[in-house]
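Engineer: Here it is, the structure in full.
The values are calculated or read from the model by the stated rules, or taken from the named source; none is laboratory data. Keep in mind that what you see is a predicted model, and the values were worked out from it rather than measured. So basically every Cβ, Gly included, is an ideal-geometry build from the backbone, and we count neighbours across all protein chains shown. Only protein heavy atoms, including side chains, enter the accessible area calculation; ligands, DNA and RNA are left aside. Shrake-Rupley method; radii C 1.70, N 1.55, O 1.52, S 1.80 Å.
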Amino acid sequence: MQRPVKLVIFAGIVLVLLYFINETFLSEENYTKPLLKEREDKDLSFRSRTNSPFTEEDRRDFKNLVYYEPNVAYRVTARLEDLPKQDTLLMPLTNGSYEPYLRYAIANFELEGQPQRLTLYKKLAKEEKDQWFVPFTDKTNGFETYGGGRYLDIPYKEDAKTVVLDFNRAYTPFCAFNPEYVCPVPPKDNRLTVSIPAGEKTYEKKE
């Protein structure tokens, strides 16, 4: 009688393992597919006349942006820390001027076993979408990614205690493609001490 019991237990363990493997595969697939579609749509928009940062000549030569492979390890949940005072920062722009942003909260998280923090900003403009703006730099800048840093846009949630920082969606500012555009420069408090090999890489014009 013991042998059938052992077989049942073994079969149960196998089923449980298959379930978790299947769930992991499906969840990663469900995450990756929309991300790749977003990248495809962005390439299409960069080829258009109305949404592209490129000059007309560069737009005709443009094929696609370059990205790191999707990696869920760089989709992190951060704990939000309220600021004692939500003051306004005059964030420097690439043309030497400034633009006001509200310092909203601090996102605390960990990468490569090291504690990291980023300030979440809100643009002080009526036409701005209800979202947090996260300009940042990391150790890939100037090597594999744009030297001036990259950005994240995160949907704003009132009274949120945590926030998801998806670095696979980190993007390059328009001024990297065309110097006629003016872009915010990531402030000192958003300089990460690690490399973020996720999101957009440096775009190199085809000669």
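Engineer: Taking segment 76-88, which residues are part of a strand (DSSP E or B), out of contact with any helix residue (DSSP H, G or I) (no Cβ under 9 Å at 6 or more places or on another chain) and open to solvent by less than 50 Å² (accessible area, probe 1.4 Å)?
Structural biologist: Hits for segment 76-88 are Ala78, Leu80.
Engineer: What are the residues in segment 182-193 that are surrounded by 14 or more Cβ atoms within 10 Å (Cβ to Cβ) and either acidic (Asp, Glu) or in a loop (DSSP other than H, G, I, E, B) (or both), if any?
Structural biologist: Val182, Cys183, Val185, Pro186, Pro187, Leu192
Engineer: Something else now. Going residue by residue through segment 168-175, is there one that turns out to be closer than 18 Å to Glu81 by Cα, of a type in the set (Val, Ile, Thr) and under 12 Å from the mean Cα position of the chain (by Cα)?
Structural biologist: Looking through segment 168-175, none of the residues is closer than 18 Å to Glu81 by Cα, of a type in the set (Val, Ile, Thr) and under 12 Å from the mean Cα position of the chain (by Cα).
Engineer: Which count do you get for residues in segment 167-181 that are of a type in the set (S, T, N, Q) and either outside any loop (DSSP other than H, G, I, E, B) or open to solvent by 10 Å² or more (accessible area, probe 1.4 Å) (or both)?
Structural biologist: Summing the residues that are of a type in the set (S, T, N, Q) and either outside any loop (DSSP other than H, G, I, E, B) or open to solvent by 10 Å² or more (accessible area, probe 1.4 Å) (or both) in segment 167-181 gives 2.
Engineer: Say we look at segment 98-139 and pick out the residues that are among the acidic types (Asp, Glu) and within 16 Å of Asp166 (Cα to Cα); which of these is least open to solvent (accessible area, probe 1.4 Å)?
Structural biologist: So, considering only residues that are among the acidic types (Asp, Glu) and within 16 Å of Asp166 (Cα to Cα), the one least open to solvent (accessible area, probe 1.4 Å) is Asp138.
Engineer: Please work out which residue is farthest from the chain's Cα centre (by Cα), limiting yourself to segment 50-75 and to residues that are hydroxyl-bearing (Ser, Thr, Tyr) and either within 16 Å of Tyr181 (Cβ to Cβ) or assigned to a loop (DSSP other than H, G, I, E, B) (or both).
Structural biologist: Applying the filter and picking the extreme gives Thr55.
Engineer: Would you be able to say whether some residue in segment 140-150 is open to solvent by 10 Å² or more (accessible area, probe 1.4 Å), closer than 22 Å to Leu89 by Cα and assigned to a strand (DSSP E or B)?
Structural biologist: Among the residues of segment 140-150, not one is open to solvent by 10 Å² or more (accessible area, probe 1.4 Å), closer than 22 Å to Leu89 by Cα and assigned to a strand (DSSP E or B), which makes the answer no.
Engineer: OK, next. What is the residue count in segment 1-49 for residues that are modelled with pLDDT of 95 or more and not in a helix (DSSP H, G or I)?
Structural biologist: Looking only at that region, the number is 0.
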